[in-house]
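The values are calculated or read from the model by the stated rules, or taken from the named source; none is laboratory data. Quick caveat: nothing in here was measured; it's all calculated off a predicted structure. Here the Cβ positions follow ideal geometry from the backbone for every residue, glycine too, while neighbour counts run over all protein chains shown.
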Amino acid sequence: MNKFSNNDRALVLFSGGQDSTTCLVWALSRYAHVETIGFDYGQRHAIELTVRPTLLEKIRSFSPEWQARLGEDHMIDLSLISQLSHTAMTENIAIEMQANGLPNTFVPGRNLMFMMVAATLAYRRDLNVLVGGMCETDFSGYPDCRDDTMKALQVALNLGMATHLKLETPLMWIDKAQTWELAGQLGGSNLIDLIRADTHTCYLGERGQLHDWGHGCGTCPACELRARGYHQYQASLPK
């Protein structure tokens, strides 16, 4: 586990998935106080909201330091997103590419709204860092996951709120194998096992069989990315 070195106060966008769990532990290794925020936006894989409380309790048990730093969890109703969008993430339709070159799992404005709501809560809670799992290395081409989008959003939020929020995206420039590796560096094999068994990433909400890389349908883009990264990570470990 990384040595604590920062007195800032962070709010982590925590969905209950692999990436956000890794980001949460990353934040706990760096910040004096960490809170979490989750969003119910009518997602097809709403099972992720069910696994969140158990994940948080297990993460608290990893060390007395994490227990002391991990504060309140906030769940926000953003169901209006599903009312505005028509996507495979919010409706029971087949996952496919669209004419604009983006997969129909892209939910327009989702990450922008997540960050705006998180910034509003952070303002009230006196938190000065927002942490999100956006990534431009292994992703589906979502424009709201890009580094320039997050940098522009940080400027807009600080101008609009006359504040000094910092947006951190620790996974932005690493691939999924490196995300598994980062989790191992932060919490060892116990954290790897927790992410495998207790997080949820599958777009279809499948929790049945526990594969070596975790639960999921095994065929949706999120499962394929997670599985490939896990196998690459395992192959890189010393024999």
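So Gly17 passes all but one of these: (1) in contact (Cβ under 8 Å) with a residue 60 or more places away in the chain; (2) farther than 24 Å from Gly216 by Cβ. Which condition number does it fail?
So Gly17 meets the others, but not (2).
Could you grab me the full set of residues in segment 209-239 that are among the aromatic types (Phe, Trp, Tyr) and within 20 Å of Gly16 (Cα to Cα)?
In the first step, residues of segment 209-239 are kept if they are among the aromatic types (Phe, Trp, Tyr); the result is 213, 230, 233.
Hits for segment 209-239 are Trp213, Tyr230.
What pairs come up if the first residue lies in segment 219-239 and is more than 13 Å from Gln178 (Cβ to Cβ), the second is modelled with pLDDT under 95 and aromatic (Phe, Trp, Tyr), and their beta carbons are under 8 Å apart, counting only those six or more places apart or on different chains?
Cys220/Tyr203; Pro221/Tyr203; Ala222/Tyr203; Cys223/Tyr203
Does segment 183-216 hold any residues that are free of Cβ contacts under 8 Å to residues at least 40 places away in the same chain, polar (S, T, N, Q) and over 19 Å from Glu57 (Cα atoms), and which are they?
Gln209
What is the one condition in (1) crowded, with 19+ Cβ neighbours inside 10 Å; (2) without any contact (Cβ under 8 Å) to a residue 60 or more places away in the chain; (3) closer than 23 Å to Phe62 by Cα that Pro170 does not satisfy?
Unmet condition: (2).
Would you check if Leu11 is surrounded by 15 or more Cβ atoms within 10 Å (Cβ to Cβ), modelled with pLDDT of 90 or more, closer than 19 Å to Gly184 by Cα and not polar (S, T, N, Q)?
Working: surrounded by 15 or more Cβ atoms within 10 Å (Cβ to Cβ): yes; modelled with pLDDT of 90 or more: yes; closer than 19 Å to Gly184 by Cα: no; not polar (S, T, N, Q): yes.
So Leu11 does not fit the description; no.
Kindly evaluate Ala183 against the criterion of being closer than 26 Å to Tyr31 by Cβ, among the aliphatic types (A, V, I, L, M) and surrounded by 18 or more Cβ atoms within 10 Å (Cβ to Cβ). Break it down stepwise before answering.
Values: closer than 26 Å to Tyr31 by Cβ: yes; among the aliphatic types (A, V, I, L, M): yes; surrounded by 18 or more Cβ atoms within 10 Å (Cβ to Cβ): yes.
Spelling it out, Ala183 is indeed closer than 26 Å to Tyr31 by Cβ, among the aliphatic types (A, V, I, L, M) and surrounded by 18 or more Cβ atoms within 10 Å (Cβ to Cβ).
Write out, first by first residue and then by second, each pair whose Cβ atoms fall under 7 Å of each other, whose residues are 6+ apart or on separate chains, and whose first residue, in segment 119-144, is in contact (Cβ under 8 Å) with a residue 40 or more places away in the chain and within 16 Å of Gly17 (Cβ to Cβ) while the second is crowded, with 19+ Cβ neighbours inside 10 Å and among the basic types (Lys, Arg).
Every condition considered, the pairs that remain are Asp138/Lys176.
Please specify each residue of segment 128-175 satisfying the condition of being of a type in the set (Lys, Arg) and modelled with pLDDT of 95 or more. Lay out the reasoning, then the answer.
Initial filter on segment 128-175 (of a type in the set (Lys, Arg)): 146, 151, 166.
Once the filter is applied, which keeps residues that are of a type in the set (Lys, Arg) and modelled with pLDDT of 95 or more, segment 128-175 yields Lys151, Lys166.
The rows are residues; the columns are (1) among the charged types (D, E, K, R); (2) in contact with a Cys (Cβ under 7 Å, 6 or more places away or on another chain); (3) part of a helix (DSSP H, G or I); (4) over 24 Å from Pro221 (Cα atoms).
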| site | (1), (2), (3), (4) |
| --- | --- |
| Gly141 | no, no, no, no |
| Asp144 | yes, no, yes, no |
| Val155 | no, no, yes, yes |
| Gln185 | no, no, yes, yes |
| Asn190 | no, no, yes, yes |
| Asp193 | yes, no, yes, no |
| Gly205 | no, no, no, no |
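Can you name every one of the helices (runs of 4 or more DSSP H) wholly within segment 1-79 that holds 1 or more residues which are farther than 22 Å from Cys135 by Cα and touching a strand residue (DSSP E or B) at 6+ places or on another chain (Cβ under 9 Å)?
Values: elements: 18-28, 47-60, 64-69.
By residue number, 47-60, 64-69.
Suppose we filter Gly216, Gly160, Gly205 for residues that are surrounded by fewer than 14 Cβ atoms within 10 Å (Cβ to Cβ), of a type outside the set (S, T, N, Q) and more than 17 Å from Gly133 (Cα to Cα); which single one remains? Write out each step before concluding.
Values: Gly216 fails: surrounded by fewer than 14 Cβ atoms within 10 Å (Cβ to Cβ); Gly205 fails: surrounded by fewer than 14 Cβ atoms within 10 Å (Cβ to Cβ).
Going through Gly216, Gly160, Gly205 in turn, just one is surrounded by fewer than 14 Cβ atoms within 10 Å (Cβ to Cβ), of a type outside the set (S, T, N, Q) and more than 17 Å from Gly133 (Cα to Cα): Gly160.
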